[in-house]
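Below: one structure, written as structure tokens.
Each reported figure results from applying straightforward, stated rules to the coordinates on display, with no laboratory input. Bear in mind that the values here come from a model prediction, so they are computed numbers and not experimental data. Counting neighbours? That spans all protein chains shown, and the Cβs are built from the backbone with ideal geometry, glycine included.
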């Protein structure tokens with residue numbers, strides 16, 4: 001029996017995690033939940049079903065709403081902006097961090113400091129925290145939940161680290177695969193949210209349509225598996241059956257294949273390195289099947305190359321890449337920015353950050369801080385600056 005704390009329980013990954021837990025009641029016990037507070041009815045139902053000892057919420061209003069829903073059934077509540085971080089420090093076997101965005105960084109570091117296994121779905125905390133996160137993790141403590149990084153972990157079992165030639169990161173291509181830049185000028189929010197293969201939250205779905213998500217995954221793979229950023233190749237695979245591959249020095253390529261269902265990597269992360277029987281149905285081999293692969297059109301989808309730029313610079317650059325994108329996605333969803341404008345904003349803000357020399361008078365977070373001088377405060381300052389600078393750029397363009 002593994003005691004599980006789930007951070008971000010009402011989101012897409014959180015609800016699918018609880019679906020896995022429900023199917024294996026003899027393997028898992030939910031001892032803590034955290035949520036952002038926007039779906040109190042969902043959270044209340046989760047509390048009734050799983051009886052966690054503690055629930056973490058960021059605001060008093062959200063806590064009051066949950067108490068009103070549950071009455072005398074309400075568990076102990078941690079309340080405040082750091083409540084998820086406090087919960088992550090609690091005693092358990094595994095913390096699954098499914099918080100969205102930079103807010104997941106402190107809970108990630110708290111989990112690692114507590115010595116607990118971290119099943120990481122919050123890729124942003126690794127991307128922006130960089131070496132702060134990898135240095136805090138002991139061998140085997142950090143387990144990826146993303147399907148692509150779970151695939152890498154499985155395929156890397158086939159050889160030694162010094163036998164790896166490169167990682168091949170697959171991308172579905174999103175809803176706009178095959179379109180030119182000119183054909184993307186009038187993309188609507190509804191079109192960008194219509195992912196062909198996966199059901200995900202708003203930010204991740206929009207990121208998948210711009211391929212920013214693939215840029216974040218490239219940075220995550222670089223950090224998780226200590227593979228040079230230029231030794232990771234992105235390949236478009238529309239069927240989303242091959243979740244990623246590892247190419248070895250002898251010319252062999254090992255691929256992990258399964259239907260596009262996040263419950264498989266979630267289940268593996270909860271029990272790593274063991275496997276749960278029957279988490280998802282396997283591929284069907286009784287009818288003709290075709291899998292295709294094609295190079296990424298980086299002229300149209302420039303977000304991956306921008307991620308490489310941020311990754312080569314390291315330090316606070318990935319935090320700015322992520323922050324500027326999140327601000328731009330919000331503006332796009334609110335009708336204040338075009339679809340192509342998302343990547344343009346990221347490019348502009350990242351370039352300004354990298355051009356600002358440290359030590360010169362500047363707004364907090366504006367100057368790039370290298371890996372050697374990286375701190376949590378520097379990362380969070382860069383995150384705040386990136387959001388504000390992106391918002392300023394968007395407003396200036398609208399004026």
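Normalised by the residues of region 314-398, what does the relative contact order come to in percent, with Cα pairs under 8 Å and at least six apart? Provide the component values of the computation, followed by the final result.
On the way: 120 pairs, mean separation 37.3, N = 85.
Result for region 314-398 is 44 percent.
Please state, as a whole number in µm²/s, the translational diffusion coefficient that the Stokes-Einstein equation yields for the chain at 20 °C and 1.002 mPa s, with Rh defined as the Kirkwood radius across alpha carbon pairs.
Details: Rh = 21.6 Å.
For the chosen part, D equals 99 µm²/s.
What is the fewest-to-most order of 73, 298 by other Cβ atoms lying within 10 Å of their Cβ?
Numbers: 73 11, 298 14.
Ascending number of Cβ neighbours within 10 Å: 73, 298.
For residue 371 and residue 182 in the same chain, what is the full-extension length gain: residue separation times 0.36 nm, less their Cα-Cα distance, in nm?
Working: separation 189, 0.36 × 189 = 68.04 nm, distance 3.79 nm.
Full extension of this stretch gives 64.3 nm more.
Please tell me the relative contact order of the chain in percent, rounded to the nearest whole number, where contacts are Cα pairs under 8 Å and at least six residues apart. Let's see the in-between values first.
On the way: 748 pairs, mean separation 54.8, N = 399.
This gives 14 percent for the chain.
Applying 1/(1 + (r/R0)^6) with R0 = 25 Å to the Cβ-Cβ distance of residue 157 and residue 27, what FRET efficiency is obtained, to the nearest 0.05?
On the way: r = 22 Å, r/R0 = 0.88.
The computed FRET efficiency comes out at 0.70.
Apply 1/(1 + (r/R0)^6) to the Cβ-Cβ distance of residue 249 and residue 396, taking R0 = 45 Å, and write down the FRET efficiency to the nearest 0.05. Walk me through the intermediate numbers first.
Details: r = 50 Å, r/R0 = 1.11.
Calculated transfer efficiency: 0.35.
Say we join alpha carbon atoms closer than 10 Å with springs in a Gaussian network model of the chain; which of 180, 111, 348 then has the biggest fluctuation?
Maximum fluctuation in the GNM of the chain, among the listed residues, is at 180.
So what is the relative contact order of region 149-295, in percent, for Cα pairs below 8 Å that sit 6 or more residues apart? Intermediate results must be reported in sequence, preceding the final value.
Details: 197 pairs, mean separation 48.7, N = 147.
Result for region 149-295 is 33 percent.
Taking only the alpha-carbon positions of region 2-144 and ignoring solvent, what does the Debye formula give for the base-10 log of I(q)/I(0) at q = 0.11, 0.13, 0.18 Å⁻¹?
Normalising to I(0) and taking log10 leaves -0.35, -0.50, -0.95.
Give the span of region 135-183's Cα atoms along each principal axis, as three whole-Å numbers ordered largest to smallest.
Projected onto its principal axes, the Cα set of region 135-183 covers 47, 25, 18 Å.
Please find the FRET efficiency linking residue 51 to residue 82, where r is the Cβ-Cβ separation and R0 is fixed at 22 Å, and quote it to the nearest 0.05.
Working: r = 24 Å, r/R0 = 1.10.
About 0.35, to the nearest 0.05.
To the nearest 500 deg cm²/dmol, what mean residue ellipticity at 222 nm is calculated for the chain from DSSP H runs of n ≥ 4 alone, each contributing -39,500 (n - 2.57), summed and divided by the residues?
Numbers: 16 runs with 175 residues, N = 399.
Helix-only estimate at 222 nm: -13500 deg cm²/dmol.
Under a plain spin-label model, where a point goes 7 Å from the Cα along Cα-to-Cβ, how far apart in nm are residue 294 and residue 333?
2.9 nm
Rg to Rh ratio, region 255-351, alpha-carbon atoms and Kirkwood radius?
1.12
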